[in-house]
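Chemist: What follows is a structure written as structure tokens; I'll ask about it next.
The values are calculated or read from the model by the stated rules, or taken from the named source; none is laboratory data. Just so it is clear, the structure is predicted and the values come from calculations on it, not from any experiment. Ideal geometry is used to build each Cβ from the backbone, glycine not excepted, and the neighbour counts take in all protein chains shown. To get the accessible areas, we keep the full protein, side chains included, count just its heavy atoms, and leave off ligands, DNA and RNA. Shrake-Rupley method; radii C 1.70, N 1.55, O 1.52, S 1.80 Å.
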Amino acid sequence: EGYNDRFWPAARGAYVYQDKPFGMPNEYNLENGGMLYNPGIMTAAGVHEPPKTWQELVNAATKTAKHDDSGKLTQAGFQMTGNDQITFLLLSMILQQGASYWADDGVHVNFQTDAAKKGWQDEIDLVTKDKVDDEASYTGDRYLFFFQGKAAMSMVGPWAIPVGEQEFPGLKFDYVAMPPYAGDTMKFAAESGWGEVVNAKSPDDVKQAAWDFIDFMHQPDNLRDWNIMTYTIPSLQALKDDPAILAKAPAMKVPFSVLAGGQWVGPVGDRDKFWQSIHDAYTAACLGQLDPTAALAQAEQEINAMIDERMGP
């Protein structure tokens, strides 16, 4: 079985350079496809099952968002204004419309497509028009506000589930599929997560021993235990819908169902700068400091300048 057949493309992306693997991923690092769901809040608002379409999600979020007299959000309808979520949601919106966020050269980003502009505007509307979440009403990680019982739905990876179960045992919540923004398949970008790399400059015999060891670690029977212990999604395609994992973590059924729609996010350069540029532009657009088109152009410009700086002329 070849390397590419063993691991999901999104998981192996950052471990491969010029078609040559330099390590093996342990997990499929996922922030898309699922969301925390508070059935109590939803039922009270007259919503009796999780949304199946994007429009149903927006409608349910609008129904469940509550504000005080000053306009401050006291209950979020759909949380998506966290640093990771803003970028991951935008990239998935672009991909789900059948477009790419990369320019034709595969090095720079292109946010000038109709798909990017439409996704961006709809993402801004969630705050400015639908008022289902915002960045000003509460601080800290979005999912903690959810676990305090103050949000109906929250876009977050499955890693947040054990946090909620351990730290907030009183809250009844589910982890449900997030409907696609466009089309009927959840397409999204994911970063490669934890794993092991082999030092390419090591002597051949040392390198071989290292490869043998990590190959042993990445046999399904061994990696399964690691994924169960760390509550992570396996990087191995062979462990999709694994009964032993689902017995220990039934909520993993949702992430397993979307893995095939993920692609590696790509060579983003400085990860923090890439995400922050989109976050800053989003904040500026939501606050009305920049119009959405100018804000998106600013994010594109900042990211491409960072990529040029890192890649060199």
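Chemist: Mind checking the alpha-carbon convex hull of the range 81-233 and giving the volume per residue in Å³?
Modeler: Here the figure is 183 Å³ per residue.
Chemist: Using 0.36 nm times the number of residues separating residue 230 and residue 310, minus their current alpha carbon distance, what extension gain do you get?
Modeler: On the way: separation 80, 0.36 × 80 = 28.80 nm, distance 3.32 nm.
Gain in length upon complete extension: 25.5 nm.
Chemist: Follow-up. Evaluate E = 1/(1 + (r/R0)^6) for residue 217 and residue 53, where r is the Cβ-Cβ distance and R0 equals 45 Å; express this FRET efficiency to the nearest 0.05.
Modeler: Working from the Cβ atoms, E equals 0.65.
Chemist: Beyond 15 Å, what share of the Cα-Cα pairs of the range 216-313 is found? Please give it as a whole percent.
Modeler: Value for the range 216-313 (Cα pairs over 15 Å): 70 percent.
Chemist: In the neighborhood of residue 224, defined by Cβ-to-Cβ distances under 11 Å, what is the net charge if each Lys or Arg adds +1 and each Asp or Glu adds -1?
Modeler: Net charge around residue 224: -2.
Chemist: If you wrap a convex hull around the alpha carbons of the range 103-189, what volume per residue comes out, as a whole number of Å³?
Modeler: Working: hull volume 13.2 nm³, N = 87.
Spelled out: Cα convex hull of the range 103-189, divided by residues, is 152 Å³.
Chemist: Moving on. Taking the Cβ of residue 293 as the center, what net charge do the other residues with Cβ under 13 Å away carry, scoring Lys and Arg +1 and Asp and Glu -1?
Modeler: -1
Chemist: Would you work out what percent of the accessible area of the chain, with all protein chains in place, is carbon or sulfur (probe 1.4 Å)?
Modeler: 52
Chemist: Then there is this: Looking at the calculated P(r) for the range 1-93, what percent of the C-alpha pair distances fall above 18 Å? Write down the numbers at each step before the final one.
Modeler: Values: 2626 of 4278 pairs.
Across the range 1-93, Cα pairs with separations above 18 Å total 61 percent.
Chemist: What accessible area per residue, rounded to a whole number of Å², is obtained for the range 127-267 using a probe radius of 1.4 Å? Could you put the intermediate results ahead of the total?
Modeler: Numbers: 7090 Å² over 141 residues.
Per residue, the range 127-267 has 50 Å² of solvent-accessible surface.
Chemist: Determine the order of 293, 87 by accessible area, beginning with the largest, at a probe radius of 1.4 Å.
Modeler: 293, 87
Chemist: How compact and how long is the range 57-141, expressed as Rg and Dmax of its alpha-carbon atoms in Å?
Modeler: 14.8, 50
Chemist: Once fully extended, how much extra length lies between residue 297 and residue 165, figured as 0.36 nm per residue of separation less the alpha-carbon to alpha-carbon distance?
Modeler: So the chain would gain 43.4 nm between residue 297 and residue 165.
Chemist: Multiplying the sequence separation of residue 68 and residue 107 by 0.36 nm and subtracting their Cα-Cα distance, what value in nm do you get?
Modeler: Here the segment from residue 68 to residue 107 would lengthen by 9.5 nm.
Chemist: Which Cα, out of 245, 292, 282, lies furthest along the positive dipole direction of the range 228-313 (beta carbon charges, K/R +1, D/E -1)?
Modeler: So the residue we want is 245.
Chemist: Give 72/150; 150/253; 52/117 a once-over and call out the pairs whose C-alpha atoms are over 20 Å from each other. Kindly include the intermediate steps, with their values, before the conclusion.
Modeler: On the way: 72/150 13 Å; 150/253 25 Å; 52/117 24 Å.
Long pairs (Cα-Cα over 20 Å): 150/253; 52/117.
Chemist: What is the distance in Å between the Cα centroid of the range 33-61 and that of the range 191-251?
Modeler: Cα centroid to Cα centroid, the span is 35 Å.
Chemist: Sort out the exposed loop trypsin sites (Lys or Arg not before Pro) in the chain (DSSP loop, at most 12 other Cβ within 10 Å) and tell me the longest stretch that has none.
Modeler: Counting at most 12 other Cβ atoms within 10 Å as exposed, the longest clean stretch of the chain is 202-313.
Chemist: Quote the FRET efficiency, to the nearest 0.05, computed for residue 117 versus residue 271 with a Förster distance R0 of 30 Å and r equal to the Cβ-Cβ distance.
Modeler: According to the calculation, E is roughly 0.80.
Chemist: Now for a different question. Please give me the summed charge of the neighbours of residue 8: other residues whose Cβ is under 11 Å from its Cβ, Lys and Arg +1, Asp and Glu -1.
Modeler: That works out to +1.
Chemist: Which aspartates and glutamates does residue 273 reach when only Cα atoms under 14 Å apart count, and residues fewer than 8 places away in its own chain are ignored?
Modeler: Straight-line reach from residue 273, under 14 Å: 84, 300, 302, 308, 309.
Chemist: List the lysines whose alpha-carbon lies under 24 Å from that of residue 207, not counting same-chain residues fewer than 8 positions away?
Modeler: Leaving aside lysines fewer than 8 places away in the same chain, those within reach of residue 207 are 20.
Chemist: Distances over 25 Å make up what percent of all Cα-Cα pairs in the chain?
Modeler: 53
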